[in-house]
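Asks: Starting off with a structure, shown below.
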Amino acid sequence: MTDIILLDGGMGQELVHRAGDRPTPLWSTQVMIDHPGLVAEVHADYRRAGAMVHTTNTYAILRDRLEGTGMEDQFEALHAAAMQEAKDAGVLAGSIGPLGASYRADLLPAHDVAVGIYAEVASLIAPHVDLIICETVASVAHARAVLEAASATGKPVWLAMTVDDNDGTKLRSGEPLSDVFAVTQDASALLANCSVPEAIDAAISVLTTQDKPFGGYANGFTQISDGFLDAKPTVDALQARQDLGPDAYARFAMDWIAKGATIVGGCCEVGPKHISVLADAIRAEGHQIIAP
């Protein structure tokens, strides 16, 4: 009936769970250092689950995230390590995360500064990936800056925006989600990500009003706590929902597809089992899972 692009699920939380280490502000970057090969295992599990697009473990490899960690001089090496771990995964989406911290639109630097920072990351990952995915975009200004930097590489760029958990028609900045449409001419697809699935559902309804391919991938957290919004947050400040198993998650994603979404997957706390069940549900409805 419809061609669906199935993304993988969360990487950082999956790595933390498998490694069993206490999370640090470096999140998935630290796990990759301490447990080489584990990222490749996660990529392989998502591939076996049916994912057609695999997101590189580069979300948190940003110079500001490395400050004060003793790893400031490993910026390029960490990107190279993430690409090596992903080399056999399949279609690769090079992830660029937010500056400062996730969900904190107030931490975005001035436009020209942000573009320069993002451009350095984009230039490092672009030669190794099939597309660039700008993740957890929290404001219109954030969207404008990261799209300007990523589109300069010539790679297709997907923009994934995080929305208010209580009102998915708004970005985390409080701006209407629809306001971002004015700056997305260089985006190949628009997504809602890293918010509760109920909020993603509302965001999908907004994304139906524009003409680019769209979709969503939700997280499995109960809520974004105040503690997580502090400086140098760690993911142990967040709690996983107990009512969002693979079947429940697939029902949400299938509702997004019913509304016209053609790109679906998962974010934090959504693992390979969720993606496997979602793949089965997509096929059971007569849809075809394809690569972009």
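Asks: Out of every Cα-Cα pair in the chain, what percent are more than 34 Å apart?
Replies: So the pairs more than 34 Å apart make up 10 percent of the total in the chain.
Asks: Compare the peptides 72-83, 93-104 by average per-residue count of other Cβ atoms within 10 angstrom and give them in order, highest first.
Replies: 93-104, 72-83
Asks: Using Cα pairs under 8 angstrom and six or more residues apart, how large is the relative contact order of region 129-192, in percent?
Replies: Worked out over region 129-192, it gives 39 percent.
Asks: Out of every Cα-Cα pair in region 57-127, what percent are more than 21 Å apart?
Replies: 26
Asks: In addition: Give the residues of region 13-28 whose amide nitrogen is closer than 13 Å to a point set 7 Å from the Cα of residue 44 in the direction of its Cβ.
Replies: The answer is none, because no backbone nitrogen lies closer than 13 Å to the label point.
Asks: Rounded to the nearest 5, what % of the DSSP beta bridges within the chain are antiparallel ones?
Replies: 10
Asks: Sequence gap at least 6, Cα distance under 8 Å: using those rules, report the relative contact order of region 157-213 to the nearest whole percent.
Replies: 44
Asks: Moving to a separate point now. Are any of the pairs 212/273; 155/259; 87/212; 170/212 more than 22 Å apart by Cα-Cα distance, and if so, which?
Replies: From the list (212/273; 155/259; 87/212; 170/212), the Cα-Cα distance tops 22 Å for 212/273; 155/259; 87/212.
Asks: Is the C-alpha gyration tensor of region 18-63 telling us rounded, prolate or oblate? Criteria: a/c under 1.5 is rounded; beyond that, a/b larger than b/c is prolate, otherwise oblate.
Replies: oblate
Asks: Got a sec? Which residues in region 14-38 would a label at residue 63 touch, if it sits 7 Å along Cα→Cβ and we count backbone N under 19 Å?
Replies: So the set is 26.
Asks: Here's something else I'd like to know. Under a 1.4 angstrom probe, counting protein chains only, how are 136, 24 ranked by accessible area, largest first?
Replies: Most to least solvent-accessible, the answer reads 24, 136.
Asks: With the crude spin-label approximation of a point 7 Å out along Cα→Cβ, what separation in nm comes out for residue 88 versus residue 130?
Replies: About 1.8 nm, to one decimal.
Asks: Given all pairs of different Cα atoms, what value in angstroms does the Kirkwood hydrodynamic radius of region 125-196 take?
Replies: 12.1
The values are calculated or read from the model by the stated rules, or taken from the named source; none is laboratory data. On a predicted model such as this, the values are computed, not experimentally measured, just so you know. We place every Cβ from the backbone using ideal geometry, glycine too, and count neighbours over all the protein chains shown. Protein only, heavy atoms only, side chains kept; ligands, DNA and RNA dropped before computing areas. Shrake-Rupley method; radii C 1.70, N 1.55, O 1.52, S 1.80 Å.
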